[in-house]
1. If the label for B:THR115 sits 7 angstrom from Cα along the Cα-to-Cβ line, what are its distances to the same label in every other copy, in nm to one decimal, shortest first?
2. Taking a ≥ b ≥ c as the square roots of the Cα gyration tensor eigenvalues, with a/c under 1.5 meaning rounded and otherwise prolate when a/b beats b/c, else oblate, which class fits the range A:196-329?
3. If we count every other residue with Cβ under 14 angstrom of A:LEU116's Cβ, Lys/Arg +1 and Asp/Glu -1, where does the sum land?
4. Could you give the spread of the C-alpha atoms of the range B:9-92 along their three principal axes, from largest to smallest, in whole angstroms?
5. Hey, how many Å between the Cα centroid of the range A:1-27 and the Cα centroid of the range B:313-333?
6. Can you list the distances in nanometres, one decimal and ascending, from the B:ASP295 label point to the identical position in each other copy, with the point 7 Å along Cα to Cβ?
7. Inside 10 Å of the C-beta atoms of A:65-74, what's the mean count of C-beta atoms belonging to other chains?
8. Evaluate peptide A:91-104: per residue, the Cβ atoms of other protein chains within 10 Å of its Cβ; return the mean as an integer.
2 protein chains.
Amino acid sequence: MKPTDRTLAGHLPAVAPGDTVRLCGHVHRRRELATVTFLVVRDRTGLAQVVIKAADGQEAPPEETPVEVVGIATANPQAPGGVEVTSPVVTALSDPALTPPVELWRPELAAGLPTLLDHAPVTWRHPRVRARGEIAAASLRGFRATLDSVGFTEVHSPKIVESATESGANVFAIDYFGRPAYLAQSPQFYKQQLVGVFERVYEVGPVFRAEPHDTVRHLAEYVSLDVELGFIRDHRDVLGLLRDVLAGMRAGIATYAADAVSRLQLELPVVPPEIPVIHFAEALELVGAPADEPDLAPEHERALGAWARETYASDFLAVEGYPMRKRPFYTHPWSRQARPPGEGSNSFDLLFRGLELVTGGQRLHRLPDYEEAIRARGEEPAAYASYLQAFAHGMPPHGGFALGLERWVARLVEAANIREVTLFPRDLHRLTP
Amino acid sequence: MKPTDRTLAGHLPAVAPGDTVRLCGHVHRRRELATVTFLVVRDRTGLAQVVIKAADGQEAPPEETPVEVVGIATANPQAPGGVEVTSPVVTALSDPALTPPVELWRPELAAGLPTLLDHAPVTWRHPRVRARGEIAAASLRGFRATLDSVGFTEVHSPKIVESATESGANVFAIDYFGRPAYLAQSPQFYKQQLVGVFERVYEVGPVFRAEPHDTVRHLAEYVSLDVELGFIRDHRDVLGLLRDVLAGMRAGIATYAADAVSRLQLELPVVPPEIPVIHFAEALELVGAPADEPDLAPEHERALGAWARETYASDFLAVEGYPMRKRPFYTHPWSRQARPPGEGSNSFDLLFRGLELVTGGQRLHRLPDYEEAIRARGEEPAAYASYLQAFAHGMPPHGGFALGLERWVARLVEAANIREVTLFPRDLHRLTP
């Protein structure tokens, strides 16, 4: 009688009326009317309506209680998907759940961000909030599928590192068996070294920034999507790959998170066949900034985003040729013929809807260039011995990029604060849940 | 004349003789004979032989130098794959490479483990060493594909946590903006909480263990493959899923790392349609250990592995029903009818070739059970408030498992030391490269 196979809520509309089904999920909504109780059951695929009549002799557990419901699939044009479950036997799978801090059954969560974050294990259950996590996961599927298909190898580099050499600032110190060590700010040094091994590598993993600033864009820990590849001509090859990766991420969402997209009523960005590129110097001119500005301010990025939208109908714009002094020491200087050498670097930022999403470019690959760049910072190459051995033993021209997963999702869903799309954010103030 | 498309070494055998090709790679081997120099070029797909004659007027850069070679594909039954490159133009893409600390062109690396690890960015270039990384990556593809196909969502939980509550020992302390915090030993608490959100989740990410022991099996940082799912009956459902995941990982390797498998002359394990299971009490009896032993010693695991091999022709054996006192506090007690309650737990270890590879099981899901278990440890539930809110607000019966990626690869390639299959290992003594 009781079917062993479970029917997922999302599959209920396809069940033949009259069939017995077994639903498993949380009570999303309990609505007790005079003669009937409606129980909406939520599982990972959607919502299903269960109708309990007095004659059924069933208790309706409170919202969020996990339940099993065995009953009859019954056509009802009023029910979601046109099929509901009647004559149910409802079994609570745990104790009656405590009332959630926010009503999860409402279309929108009516609570401020601190409340939502304090109760993240519960508030993330809301279908529209959960959708953000589904979009993040589908983005990763698209990211990896794109890179796997062109010969990349996934790697995992250590997050505990000996020195804070990469940037020297904003690192978390740890006690490593009585010695000082640090949390890696990025897998940059490792992914470069591994180009010598695998030629094309990517890593998806946490990076750590002891950001002393409290902004809507920064986290102390986030998921970085890192890519690095060898035998490139210059940063434009990296940008070409980035274009394909973004298209793949978009396709991943459209394919694997279609339901989340419709729950959020999102319009996914179109990734153009070629991402428009503007040189840093031209970008400054375009936004009316002084020619000696070393970087783009957020308002400049917004203006450039609007310009790309108007001029190219593109949500994406790459700015190349940033001044060397604003880029990390391993950045390759400008080498394309369109401009004289000595002007800027073979690096780029990718703006997505007017906000920096990706930083990338070509790296130095010759040992003497590294030694010179490190000395120019007033440091000794010996402090980088472990990193530099890859270059001493032969490294090809290479480059790559890094993309913050949370930032990508935040821009997609137009979240005002990056914490809205981070399962359990870490920042200056927040260390739980 | 010079083709813009690159020919990969592994594709050279398919090129029509007489065609011009462009290879990019590192000089793997330079062999200078009286009248001819053989240059073996290595790229991510394999090795290609280049023949330089005096008349070609070409320099042959030293081993490990990255090069571009443009030449003619020429049939030669003696060459690897039957095709070599003649009349080449060889261009070094960087300075001549320093001689590697170990000869990478030899079939086997002739050096001790400390030398190999000190020079990891170079020694990993060896084709048989690189193969281990390719197998790890292909395993992950299989892992994710299996779980993606049955409704799992990939998640990323924070690695910086507020308290060391999960086990209380062997954690790394960090300075978090002036406050104490810790590196997560596992995503256990988070993946459980997220079952309430996504129902089925997995995470691939680093975990940190301040292991004060120096063994061939332990690392201070490793990649954990974590899975958790809701609405299970008991741990046997988890074990069934684990079986499919292992089969998927094996298939991933066979499909995506076939060349690495043949480079290492590996025999991949057969994953049986059902993994044989033995109860802990029976396992003790079988190996002749006293009935009150709380755990299996390594020699017991080896004996059980041999027994499974003989009895079931299986490389895998699950041992279920471990005593509660050796399992973490969130473990669900034994509930299957085959044995009386109070005997052991709904948990298992999976032995792979006689070595523990996976730990898994059913977890508690009722809040009162957690409160009791925490008090039984002499602690206060309030210390776990953030974790426990998920249970207060309704959690289904659930369970999962964790599998160490490096351990899996180590057993597959029969590495004597787990460091051999870890790109940049971290342990009591090692913090670089």
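Rule-based calculations on the coordinates, nothing more; no lab input. Because the structure is predicted, anything quoted here is derived from the model rather than measured. Here the Cβ is made from the backbone with ideal geometry for all residues, glycine too, and neighbour counts use every protein chain on show.
1. 6.6
2. The shape class here is rounded.
3. Values: positive: A:ARG106, A:ARG125, A:ARG128, A:ARG130, A:ARG132, A:ARG419, A:ARG430; negative: A:GLU103, A:GLU108, A:ASP118, A:GLU420.
Net local charge, A:LEU116 excluded: +3.
4. Over the range B:9-92, Cα extents along the principal axes are 27, 26, 20 Å.
5. 32
6. Spacings between copies for this position, smallest first, are 4.9 nm.
7. Per residue, the number of nearby Cβ atoms from other chains is 2 on average.
8. Mean number of neighbouring Cβ atoms from other chains: 4.
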